[in-house]
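A short write-up of the structure that comes next.
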Amino acid sequence: MQVNDILVPERTLAQVEGVSKKRVLEIISNLIAISQPNLNSRDIFESLVARERLGSTGLGHGVAIPHSRLDNLEQPLGCLVVLSQPINFDTLDNQPVDIFFGLFVPKESTNDHLELLSKLAELLSNEDIRSKMRKANSDDMLYEIVQEYGR
């Protein structure tokens, strides 16, 4: 499975304004819940908060990959949120974050989870791709970047 396989236009947001750490996790939770009627946004949010308590999902270079394994999920899903202004996300490099890729996999999908996390880290470690994402001025443009490079 590739990164571009788990993202759809409806779960891609560019230039989101006025967001805090809590709010970005709520946005990610809502994006997933809207596309999956059998999931509850509150449960998704709580799973993300619990994961962040274990340690920040910030990778550095302004990128974070909040992720969770969820009950009632049949296949891996992703969402991408790029902020207009970076926020503090308690990252190891102490740099603010503006690119968030939410990753969700079924509870039992440990291998898929690790494989997708690795692919996301590789994709988002590319400075050119991060720059393009930050410059994307529409959701569609942002989605197309992932479709092009997330294979």
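No lab work stands behind these numbers, since they all come straight from the coordinates. Keep in mind it's a predicted model, so treat the numbers as computed, not measured. Glycine also receives a Cβ, built like all others from the backbone with ideal geometry; neighbour counts cover every protein chain displayed.
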Quiz prompt | Efficiency of FRET from Cβ geometry, N30 and E127, R₀ 25 Å, rounded to 0.05 | solution = 0.25
Quiz item: How would you rank D98, D43, going from fewest to most other Cβ atoms within 10 Å of each one's own Cβ?
Solution: D43, D98
Quiz item: Where Rh denotes the Kirkwood radius from the mean inverse Cα pair distance, what is Rg over Rh for the chain?
Solution: 0.92
Exercise. Show the residues, 5+ positions off or on another chain, whose built amide H is closer than 5 Å to the amide H of L73.
Key: K107
Quiz prompt | Net lengthening on full extension, L92/M1 (0.36 nm per residue, minus Cα-Cα) | solution = 29.9 nm
Quiz prompt | Fewest-first ranking of S138, S47, using other Cβ atoms within 10 Å as the exposure measure | solution = S138, S47
Quiz prompt | Least to most buried among V49, V3, V19 (fewest other Cβ within 10 Å first) | solution = V49, V19, V3
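How much of the DSSP beta bridge set in region 3-144 is antiparallel, as a percent to the nearest 5? Each step should come with its number before you reach the end.
Numbers: 9 of 18 bridges.
Rounded to the nearest five, the antiparallel share is 50 percent.
If you keep only loop residues by DSSP, which GluC sites (Glu not before Pro) in region 1-84 have at most 12 other Cβ atoms within 10 Å of their Cβ? List each step's numbers first, then the result.
Working: sites: E10, E17, E26, E46, E52, E74; in loops: E17, E74.
Sparse-neighbourhood loop GluC sites (Glu not before Pro): E17, E74.
State whether region 1-78 is rounded, prolate or oblate according to the following rule on the C-alpha gyration tensor (a ≥ b ≥ c being the square roots of its eigenvalues): a/c under 1.5 gives rounded; otherwise a/b larger than b/c gives prolate, and the remaining case gives oblate.
Working: a/c = 1.32, a/b = 1.18, b/c = 1.12.
Rounded, because the longest to shortest axis ratio a/c is under 1.5.
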Quiz item: In region 25-61, which trypsin sites (Lys or Arg not before Pro) fall in coil by DSSP and have 13 or fewer other Cβ atoms within 10 Å?
Solution: none
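Hey, what did region 3-144 get for relative contact order, percent, Cα under 8 Å, at least 6 apart?
31
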